[in-house]
Protein chains: 2
Amino acid sequence: MTTASICTIGDEILIGQITDTNSAKIAVELGKAGIRVTRMVSVGDSRPEIENMLTELLGSSDVVIVTGGLGPTKDDVTKNVIFGLSGSRRYVTDEEQLSIIHRILSSRGLDVLESNRRQASVPENCDVIPNRLGTAPVTVTRFPEGRFGHKATLYSLPGVPYEALGAMPDVIKDICASYMLAPIYHKTIMTYGIAESALAEKISAWEESLPSGFSLAYLPDPVKGVALRLSVYGEKPADDVLEGLLSGLRAILGDAIYSEQEDTLQAVVGKLLSGSGKTVSTAESCTGGKIASLITSVAGASAYYLGSVVSYSESVKESVLGVRHEIISRHGVVSPECVAAMAEGVRRLTGSDFSVATSGYAGPDGNPAGLVWVGLSSASSTKTASFSFRNDRLRNIERFSASALDALRRFILSENA
Amino acid sequence: MTTASICTIGDEILIGQITDTNSAKIAVELGKAGIRVTRMVSVGDSRPEIENMLTELLGSSDVVIVTGGLGPTKDDVTKNVIFGLSGSRRYVTDEEQLSIIHRILSSRGLDVLESNRRQASVPENCDVIPNRLGTAPVTVTRFPEGRFGHKATLYSLPGVPYEALGAMPDVIKDICASYMLAPIYHKTIMTYGIAESALAEKISAWEESLPSGFSLAYLPDPVKGVALRLSVYGEKPADDVLEGLLSGLRAILGDAIYSEQEDTLQAVVGKLLSGSGKTVSTAESCTGGKIASLITSVAGASAYYLGSVVSYSESVKESVLGVRHEIISRHGVVSPECVAAMAEGVRRLTGSDFSVATSGYAGPDGNPAGLVWVGLSSASSTKTASFSFRNDRLRNIERFSASALDALRRFILSENA
């Protein structure tokens with residue numbers, strides 16, 4: 001199996017000022033292509049340390065991906081190291097990257113300085129993958145077998161996360177071509193509401209019946225639920241084979257499947273609403289605006305999202321949402337009665353087709369901490385449900401919000417049915 | 001200078017399923033103690049890979065901190081490696097950790113299983129730092145000079161982030177004692193609203209006048225602003241010396257300083273309000289609930305936070321917040337007039353003492369994307385301000401929210417004055 005190491009460069013990583021998020025995202029892309037990551041490393045902006053580390057990594061894995069240390073103010077320390085490793089004797093200008101640099105800077109109304117121009121200059125023995133999202137290109141250094149005991153390839157990516165990730169499809173294509181990797185076809189099915197172990201039990205017969213060459217991975221996430229990743233080495237399987245397998249899975253899991261396109265819960269809710277021309281509003285107590293924040297993180301949410309009342313105090317629940325005082329005094333604010341009244345109240349207030357409301361104890365106070373009630377309302381019905389978690393305050397708020405979005409999704413599906 | 005490496009263990013890190021956040025937080029704590037981190041590494045749950053990596057790191061730095069691979073289901077792979085490296089011939093039970101395990105499990109109503117009990121068992125040649133937050137203790141393996149060419153110490157921490165970080169004060173204390181490190185005293189001053197380069201210029205004369213032994217670090221963050229970290233090697237400086245320096249800084253930066261205790265903006269706003277028995281409400285358009293979510297992330301926010309109206313649609317701005325239709329038709333929703341009316345509307349609606357409102361273009365649409373207007377209201381006055389950023393949608397929403405919280409903080413200060 002082809003192996004890879006990932007090396008991130010920057011003093012700001014080593015002093016803990018920034019958390020390296022590039023490595024995990026690059027690892028996901030490599031994994032999808034069937035390349036196994038064996039090591040992740042971070043080193044500072046020091047030439048000897050980078051050089052030692054890259055040499056060591058090239059000796060122990062087929063592919064090395066390095067990010068960072070390429071900015072115009074960073075003294076191009078990574079590029080200098082690659083110059084040496086590649087045995088280059090001069091720098092050459094990559095004309096394609098230079099024209100991208102001109103285009104990017106002129107669109108920002110900036111002049112192209114010598115320091116910008118220098119970013120298009122690469123060691124002569126390297127290949128170049130242009131970076132369309134930024135000024136520093138990706139360089140590819142190919143080492144023949146003699147050098148490290150095996151064919152090794154070094155890809156140097158910019159450190160800016162969206163530029164590094166933007167370059168990954170081209171990098172993966174290059175790796176697949178150089179190492180003659182069998183292509184892998186992936187299909188990811190997002191589920192919510194069934195724990196990983198229960199899910200595995202539910203679909204064990206289906207999983208055992210998968211044709212040879214198919215494999216299944218469970219990727220659990222506290223907020224996204226469990227993603228099921230079906231992988232097939234070789235060409236994309238025939239449509240009818242794939243469709244047969246998926247419809248088997250749909251028959252078992254039903255509504256627990258919320259996306260077959262790796263969408264988030266908030267994006268799926270958005271698509272359901274835009275698709276039917278309907279609108280939604282939210283009334284949040286314990287989630288404190290988190291659900292609104294998730295819904296509005298989707299570009300274009302203003303087409304279906306009318307707004308939220310974050311009713312953190314009893315008085316706002318009563319005066320703005322119109323929850324009757326007796327409901328609160330008799331049942332308390334964390335009750336099915338209260339969230340039903342909150343959901344109905346915000347729907348009336350905003351005139352939306354659907355609404356969702358939350359009230360619970362995020363912690364550390366409240367009894368029991370981790371309990372949330374969710375209310376759902378439409379013109380034809382009102383429903384409530386409760387969920388319990390055992391996390392700290394911030395994680396509870398996240399899980400409450402994800403559960404409420406999932407309950408809203410199922411509610412819209414049942415009402416549209 | 002004493003150097004350290006950090007090694008995180010787990011296949012889930014290498015496949016990119018989780019992002020390693022432990023390393024950055026551990027690095028910050030080491031840095032504060034004057035220990036320089038030279039390398040961060042992640043490896044999988046494989047005994048030979050862990051053994052090779054730890055041996056290599058122990059050879060190149062004084063201290064190695066390893067996290068993960070200690071759970072009851074992980075086959076204690078890290079512990080097995082440490083057993084071998086430490087030259088132990090048997091495991092011994094750490095009675096203090098065993099009693100912590102009993103206490104933790106009984107408080108959850110669980111029985112102590114053999115797998116739990118095994119976590120208190122450590123290689124005989126290791127010292128133990130008890131883990132009061134979880135079941136796996138910290139082991140300390142001390143290697144004499146002969147082994148790696150220098151005195152080396154290996155600390156093995158649990159992988160659960162809050163347990164690993166909870167153990168760091170004791171780990172730092174142990175390192176300082178073993179390596180006779182001079183203590184360092186730190187004072188961090190949080191600022192918002194002045195860019196790093198402008199800040200450096202503003203305080204350059206003050207910085208140059210710092211007594212010898214004092215050093216200053218700039219730690220910029222897009223959401224928290226710029227933290228200024230003043231460090232002094234040796235004992236804590238005399239109170240009057242420190243107070244003299246800080247009052248010099250306060251005279252230059254004034255309101256731009258929002259905390260001398262490393263608080264967040266939302267925590268500072270909360271303290272200002274609880275201190276004066278006042279309340280606040282929010283009205284959010286482009287920030288879509290993010291400000292509410294930040295305010296309610298602080299435990300105890302219900303004492304001063306009444307709620308929010310997330311008015312994503314024009315109709316909610318008019319019907320719920322009472323923004324007059326002419327204001328919107330004449331000035332548009334992204335205008336000082338509209339945010340002033342939103343802020344006044346939500347204050348009237350909730351009866352709060354203060355309010356803050358936002359309206360802007362988070363992007364990718366809107367012209368100009370990145371512009372936000374912030375409205376502030378109290379019984380005695382209404383103010384507006386605008387801020388511009390050039391980021392993507394999610395980052396713009398974060399920066400809009402931080403700017404609004406900072407504007408609210410300054411507004412409360414000026415009203416309380």
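For B:ILE50, which of the numbered conditions (1) surrounded by 15 or more Cβ atoms within 10 Å (Cβ to Cβ); (2) of a type in the set (A, V, I, L, M); (3) in contact with an Asp or Glu (Cβ under 8 Å, 6 or more places away or on another chain) fails to hold? For B:ILE50, the exception is condition (3).
When you go through A:MET168, A:MET190 one by one, which is the residue that is at pLDDT 90 or above, surrounded by 15 or more Cβ atoms within 10 Å (Cβ to Cβ), in the same structural domain as A:GLY31 (by TED's automatic domain parsing) and of a type in the set (A, V, I, L, M)? Break it down into steps so the answer makes sense when it comes.
Details: A:MET190 fails: in the same structural domain as A:GLY31 (by TED's automatic domain parsing).
When all the criteria are applied, what remains is A:MET168.
Among the residues making up the stretch B:273-303, those that are in contact with a Leu (Cβ under 9 Å, 6 or more places away or on another chain), farther than 20 Å from A:SER401 by Cβ and touching a residue at least 60 places away in the same chain (Cβ under 8 Å) are B:LYS278, B:THR279, B:VAL280, B:SER281, B:ALA283.
Does A:SER377 count as touching a Ser or Thr at 6+ places or on another chain (Cβ under 6 Å) and of a type in the set (Gly, Ala, Ser)?
Working: touching a Ser or Thr at 6+ places or on another chain (Cβ under 6 Å): yes; of a type in the set (Gly, Ala, Ser): yes.
So A:SER377 fits the description; yes.
If you go through the stretch A:134-180 and pick out every residue that is more than 30 Å from A:ARG108 (Cα to Cα), touching a helix residue (DSSP H, G or I) at 6+ places or on another chain (Cβ under 9 Å) and not in a loop (DSSP other than H, G, I, E, B), you end up with 10. The helices (runs of 4 or more DSSP H) found wholly in the stretch B:12-125 and carrying at least 3 residues that are within 30 Å of the chain's Cα centre (by Cα) and more than 29 Å from A:ALA217 (Cβ to Cβ) occupy B:22-32, B:47-60, B:95-107. Meeting the requirement of 1 or more residues that are touching a helix residue (DSSP H, G or I) at 6+ places or on another chain (Cβ under 9 Å) and more than 14 Å from chain A (Cβ to nearest Cβ), the strands (runs of 3 or more DSSP E) wholly within the stretch B:203-315 are B:214-221, B:225-233, B:257-259. Taking the listed residues B:TYR312, B:TYR304, the one that is among the aromatic types (Phe, Trp, Tyr) and more than 17 Å from B:SER378 (Cβ to Cβ) is B:TYR312, with no other qualifying. A residue that is of a type in the set (Ser, Thr, Tyr), surrounded by 13 or more Cβ atoms within 10 Å (Cβ to Cβ) and either out of contact with any Ser or Thr (no Cβ under 9 Å at 6 or more places or on another chain) or under 30 Å from B:ASP127 (Cβ atoms) (or both) occurs nowhere in the stretch B:197-214.
Would you please name the residue that is farthest from A:ILE175 (Cα to Cα), looking only at residues in the stretch A:17-35 that are touching a Leu at 6+ places or on another chain (Cβ under 8 Å) and at the interface with chain B (Cβ under 10 Å from one of its Cβ atoms)? Spell out how you get there, then give the answer.
The initial filter retains those residues of the stretch A:17-35 that are touching a Leu at 6+ places or on another chain (Cβ under 8 Å), namely A:17, A:22, A:25-27, A:29, A:33-35.
Now restrict to residues that are at the interface with chain B (Cβ under 10 Å from one of its Cβ atoms): A:17, A:22, A:25-27, A:29.
Values: A:GLN17: 32, A:ASN22: 18, A:LYS25: 17, A:ILE26: 13, A:ALA27: 14, A:GLU29: 12 Å.
If we take residues in the stretch A:17-35 being touching a Leu at 6+ places or on another chain (Cβ under 8 Å) and at the interface with chain B (Cβ under 10 Å from one of its Cβ atoms), then A:GLN17 is farthest from A:ILE175 (Cα to Cα).
Only a single item in (1) within 22 Å of B:GLU49 (Cβ to Cβ); (2) at the interface with another protein chain (Cβ under 7 Å from one of its Cβ atoms); (3) hydroxyl-bearing (Ser, Thr, Tyr) is not met by A:THR55, and it is number (2). Among the criteria (1) aliphatic (A, V, I, L, M); (2) within 27 Å of B:GLU12 (Cβ to Cβ); (3) in contact with a Gly (Cβ under 6 Å, 6 or more places away or on another chain), the one B:VAL112 does not fulfil is (3).
Which ones in the stretch B:314-335 are in contact (Cβ under 8 Å) with a residue 24 or more places away in the chain and of a type in the set (A, V, I, L, M, F, W, C)?
Hits for the stretch B:314-335 are B:VAL320, B:LEU321, B:VAL333, B:VAL334.
Select, from A:PHE387, A:PHE354, the only residue that is within 25 Å of the chain's Cα centre (by Cα) and closer than 23 Å to A:SER297 by Cβ. Explain how you work it out, then say what you get.
Working: A:PHE354 fails: within 25 Å of the chain's Cα centre (by Cα).
Residue meeting the stated conditions: A:PHE387.
B:ILE104 - would you say it is within 24 Å of B:ASN22 (Cβ to Cβ), β-branched (Val, Ile, Thr), surrounded by 15 or more Cβ atoms within 10 Å (Cβ to Cβ) and touching a residue at least 40 places away in the same chain (Cβ under 8 Å)? Answer is no for this residue.
Please determine whether any residue of the stretch B:78-94 is within 14 Å of chain A (Cβ to nearest Cβ), surrounded by fewer than 24 Cβ atoms within 10 Å (Cβ to Cβ), closer than 22 Å to B:ARG147 by Cβ and at pLDDT 95 or above. No, every residue in the stretch B:78-94 fails to be within 14 Å of chain A (Cβ to nearest Cβ), surrounded by fewer than 24 Cβ atoms within 10 Å (Cβ to Cβ), closer than 22 Å to B:ARG147 by Cβ and at pLDDT 95 or above. When the residues of the stretch B:316-325 are filtered to those that are more than 10 Å from every other protein chain (Cβ to nearest Cβ) and surrounded by fewer than 18 Cβ atoms within 10 Å (Cβ to Cβ), the one that is farthest from B:GLY275 (Cα to Cα) is B:HIS325. At pLDDT 95 or above, crowded, with 18+ Cβ neighbours inside 10 Å and within 30 Å of A:VAL160 (Cα to Cα) - does that describe any residue in the stretch B:335-353? No, that holds for no residue.
The values are calculated or read from the model by the stated rules, or taken from the named source; none is laboratory data. This is a predicted model, so every value here is computed, not measured. As a convention, Cβ positions derive from the backbone with ideal geometry for all residues, glycine included, and neighbour counts pool all protein chains shown.
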